[in-house]
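Notes follow once the structure below has been shown.
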Amino acid sequence: MPRGPTLLIIGVLAGLAFPALAEAVRPLMAAAIFVLVLGTFLQVDGGAFRQALRRPRVSLLLPALAMLACPLLIGLAARGAGCRAELTIALVLSVCAPPSSGTAAVARMLGFDATIPLAVTLLSMALAPITVPLIAASFAGLTLDPVALAARLALLVGGAGAAALLLRHQAGARLVQHSHVIDAAVLASLLVFAIATMAGVRAQIEAQPTTALICVGLAFGCNLALQAGGALLTPGSLAERLTTGLILGNRNVGLVWSAMGATVSPMTALFFAATQFPIYMTPRLIEIIVGRARKESSPA
């Protein structure tokens, strides 16, 4: 998917420019997430996935960093910087969400190994019903239902996993032959989700332009800081380091949003919407970085 990162930016801008389109595809968000997870399951090698789970960095360190260390560090940093209480809460709630369901798909789109982001995402989702309510209660004084959150995650991951196993069993050879079709379906679902996340955002920006600008700036700053931190702290190749950055920076804010329901304040809702901009725009930046690195390392 060589033009995937550029198409993701186009999707976000299209949803922002055409509010009616964003509203029209919004009901498809859940289906888009399901296709994302299913497509990634179908493309990842089972043996490589099991081998990745045996590595302590993948099975223990990265999920703990994503679900505990990052939200706590961001919360303490925001408080130390003197951020408004509402913005601090919004920042912490966005980062306590598990890694984005599309992270593995984006990694594959960039030519990286999708096995590690998929493994870390699934393990983080398993931790979410415990860590998200605890962090929400300690930083925001909010009570989230861990059973409801676990049910949503089990339906998403369990349903996609079961469908992938069935498809692999019934049509494994054909799936390999038509892997480009799966790639196209994953990219289409990413585009649909990118457009849908912009539903109502333009109206919010027009109603509160200054606040919206602050939220977008903070969302980019937080995402890029987590991605840079993950890349700098990870040993290995550039691809491995950037993959860690994607895992830590891009979060499935929609899960926390849906779990909070009517308790979401207007400021938090605006910030949650703002987090979608870096999620869909930074892959193009990463693509440029990787392209330049490959040119510099290639023989003259």
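The values are calculated or read from the model by the stated rules, or taken from the named source; none is laboratory data. It should be emphasised that the depicted structure is a prediction, and the values quoted were computed from it without experimental measurement. Note: ideal-geometry Cβ built from the backbone for every residue, glycine included; neighbour counts use all protein chains shown.
When you go through (1) over 21 Å from residue 258 (Cβ atoms); (2) under 23 Å from the mean Cα position of the chain (by Cα); (3) surrounded by 13 or more Cβ atoms within 10 Å (Cβ to Cβ); (4) not aliphatic (A, V, I, L, M) one by one for residue 180, which number turns out not to apply?
Failing condition for residue 180: (3).
Go through (1) surrounded by 24 or more Cβ atoms within 10 Å (Cβ to Cβ); (2) over 13 Å from the mean Cα position of the chain (by Cα); (3) within 24 Å of residue 161 (Cβ to Cβ) for residue 125 and report which single condition fails.
It fails just one condition, (2).
Quickly run through the stretch 209-245 and pick out the residues that are among the polar types (S, T, N, Q) and farther than 25 Å from residue 265 by Cα.
Initially, the stretch 209-245 is screened for residues among the polar types (S, T, N, Q), giving 210-211, 223, 227, 234, 237, 243-244.
Across the stretch 209-245, the qualifying residues are 227, 234, 237, 243, 244.
Is one or more of the residues making up the stretch 102-109 closer than 11 Å to residue 251 by Cβ and assigned to a helix (DSSP H, G or I)?
yes
Can you pull out every residue in the stretch 133-154 that is in a loop (DSSP other than H, G, I, E, B) and of a type in the set (S, T, N, Q)?
Within the stretch 133-154, just 143 meets the criteria.
Every residue, every condition in (1) of a type in the set (Asp, Glu); (2) within 20 Å of residue 204 (Cα to Cα), yes or no:
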| site | (1), (2) |
| --- | --- |
| 15 | no, yes |
| 23 | yes, yes |
| 43 | no, no |
| 67 | no, no |
| 70 | no, no |
| 89 | no, yes |
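Can you say whether residue 94 is touching a Ser or Thr at 6+ places or on another chain (Cβ under 8 Å) and either at positive phi or modelled with pLDDT of 90 or more (or both), as far as the supplied structure shows?
Considered against the rule, which asks whether it is touching a Ser or Thr at 6+ places or on another chain (Cβ under 8 Å) and either at positive phi or modelled with pLDDT of 90 or more (or both), residue 94 comes out as yes.
Tell me which helices (runs of 4 or more DSSP H) are completely within the stretch 1-85 and hold 1 or more residues being hydroxyl-bearing (Ser, Thr, Tyr), or say none if there are none.
Numbers: elements: 4-17, 19-25, 29-43, 46-53, 70-80.
Counting at least 1 such residues, we get 4-17, 29-43.
How about the stretch 156-180: which of its residues are within 16 Å of residue 254 (Cβ to Cβ), at pLDDT below 80 and of a type outside the set (Val, Ile, Thr)?
Within the stretch 156-180, 156 is the sole residue that qualifies.
Against the condition of a type outside the set (Ser, Thr, Tyr) and more than 23 Å from residue 190 (Cβ to Cβ), how does residue 102 come out, does it pass?
no
Quick one: residue 146 ticks every box in (1) within 23 Å of residue 78 (Cβ to Cβ); (2) surrounded by fewer than 21 Cβ atoms within 10 Å (Cβ to Cβ); (3) not hydrophobic (A, V, I, L, M, F, W, C) except a single one, so which number is it?
Here residue 146 meets the rest and fails (1).
Among the residues of the stretch 168-176, is any part of a helix (DSSP H, G or I), of a type outside the set (Ser, Thr, Tyr), in contact with a helix residue (DSSP H, G or I) (Cβ under 7 Å, 6 or more places away or on another chain) and surrounded by fewer than 16 Cβ atoms within 10 Å (Cβ to Cβ)?
Yes - at least one qualifying residue is present in the stretch 168-176.
Inspect all residues belonging to the stretch 55-74 and state whether any of them is among the basic types (Lys, Arg), more than 17 Å from residue 243 (Cα to Cα) and either surrounded by fewer than 22 Cβ atoms within 10 Å (Cβ to Cβ) or out of contact with any Lys or Arg (no Cβ under 9 Å at 6 or more places or on another chain) (or both). Can you show your working first?
Taking the stretch 55-74 first, the residues among the basic types (Lys, Arg) are 55, 57.
Restricting the remaining residues to those that are more than 17 Å from residue 243 (Cα to Cα) gives none.
No, there is no match, as no residue in the stretch 55-74 is among the basic types (Lys, Arg), more than 17 Å from residue 243 (Cα to Cα) and either surrounded by fewer than 22 Cβ atoms within 10 Å (Cβ to Cβ) or out of contact with any Lys or Arg (no Cβ under 9 Å at 6 or more places or on another chain) (or both).
Criterion first (touching a strand residue (DSSP E or B) at 6+ places or on another chain (Cβ under 8 Å), under 19 Å from residue 50 (Cα atoms), surrounded by 15 or more Cβ atoms within 10 Å (Cβ to Cβ) and touching a residue at least 12 places away in the same chain (Cβ under 8 Å)) does residue 100 satisfy it?
Spelling it out, it is not the case that residue 100 is touching a strand residue (DSSP E or B) at 6+ places or on another chain (Cβ under 8 Å), under 19 Å from residue 50 (Cα atoms), surrounded by 15 or more Cβ atoms within 10 Å (Cβ to Cβ) and touching a residue at least 12 places away in the same chain (Cβ under 8 Å).
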